[in-house]
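Report on the structure given below.
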Amino acid sequence: MTGVDGKSVYSFADDGELYTHRNRKLPSGEPREEHGIVIETKLPALQGGDDYDSECVISLSWVDAHFDSESILEKLIEIPTSYDESIADHVTNLYYYEHLGFDNVRLRFVDRDDDRFRIELTGACDDPNNGPDGRLDIHVDTVVRLRRVSAEQTG
């Protein structure tokens, strides 16, 4: 993660979650099927970090009627803004010291070996260490085992 103060480098946990069918109820009561991914870092940071070294948890969800978890290689998922007006909620979240909106997200599934995926992920969020004027540029290139889950959400 690169912010005003430089760069922090973390390794990611070996396992994450891939939501292939996450059902959410819209404010209107209508259902909406989403897909998502959750990955998190290990502590401590490999480089950089602060006295209080916080893990980073990235949670993304998106709507794609043609999403197929069996054929997602080279699929590019773009999520321009964290907050989605149609559901009155955030669809992306980066937890780094606190929950942060995560914008301009680009997620690509680069390679696959059974349930292990190489993913590339970029985006930006406010830098909690430097106030509203600071931005963190996020770049993730990792291999993670993605456990497929189905989940129902009521809100």
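None of the figures in this text is laboratory data; all of them are computed from the coordinates on show. Everything numeric in this text was worked out from a predicted model, so none of it was measured. Quick reminder, even Gly has a Cβ in these numbers, built from the backbone with ideal geometry, and neighbours come from all protein chains shown.
Pick from 114, 137, 15 the residue whose mean-square fluctuation is largest in a GNM of the chain, springs joining Cα atoms under 10 Å.
114
Using +1 on the beta carbon of Lys and Arg, -1 on that of Asp and Glu, and nothing else charged, what's the dipole of the chain about the Cα centre, debye to 20? Please list the in-between numbers first.
Details: 16 positive and 33 negative charges, 69 e Å.
For the chain, the charge dipole is close to 340 debye.
Using only the Cα atoms of the chain, what semi-axes does the equivalent ellipsoid have when each is the square root of 5 times a gyration tensor eigenvalue? Give whole Å, largest first.
Details: eigenvalues 132, 79, 33 Å².
In descending order, the three semi-axes are 26, 20, 13 Å.
Using 0.36 nm times the number of residues separating residue 76 and residue 135, minus their current alpha carbon distance, what extension gain do you get? Write out the running numbers ahead of the final one.
On the way: separation 59, 0.36 × 59 = 21.24 nm, distance 2.34 nm.
Value of the extension gain: 18.9 nm.
Once amide H atoms are placed 1.01 Å from N in the peptide plane, what residues at a sequence separation of 5 or more from residue 135, or on another chain, have their amide H within under 5 Å of its amide H?
Distant-sequence amide H within range of residue 135: 4, 127.
Considering only 68, 14, 113, give the residue with the highest GNM mean-square fluctuation for the chain, with springs between Cα atoms whenever their separation is below 10 Å.
113
Could you pull out every one of the lysines with an alpha carbon less than 18 Å from that of residue 7, ignoring same-chain neighbours closer than 8 positions?
Here the lysines satisfying the reach criterion relative to residue 7 are 42.
Which whole-Hz couplings ³J(HN,Hα) result when phi for each residue of the range 29-45 is put into the Karplus expression 6.51 cos²θ - 1.76 cosθ + 1.60, θ = phi - 60°, listed in order with x for Gly and Pro?
x, 5, x, 9, 8, 10, 10, x, 9, 9, 9, 9, 8, 9, 10, x, 4
Based on alpha-carbon positions alone, could you give the equivalent ellipsoid semi-axes of the range 38-115 from the gyration tensor, as √(5λ), descending, whole Å? Don't skip to the answer; put the middle values down first.
Numbers: eigenvalues 128, 75, 17 Å².
Each semi-axis is the square root of five times an eigenvalue, giving 25, 19, 9 Å.
Would you please give the residues with an amide H less than 5 Å from that of residue 34, counting only those at least 5 places away or on a separate chain, with H modeled from the backbone geometry?
Distant-sequence amide H within range of residue 34: 22, 23, 24.
I want to verify the translational diffusion coefficient of the range 75-146 in µm²/s; compute it with Stokes-Einstein, Rh as the Kirkwood radius over Cα pairs, at 37 °C and 0.692 mPa s. It would help to have the intermediate numbers written out before the result.
Working: Rh = 13.3 Å.
Here the translational diffusion coefficient equals 247 µm²/s.
Which far-off residues, 5 or more places away or on another chain, put their amide H under 5 Å from the one on residue 12, with H placed in the peptide plane?
42
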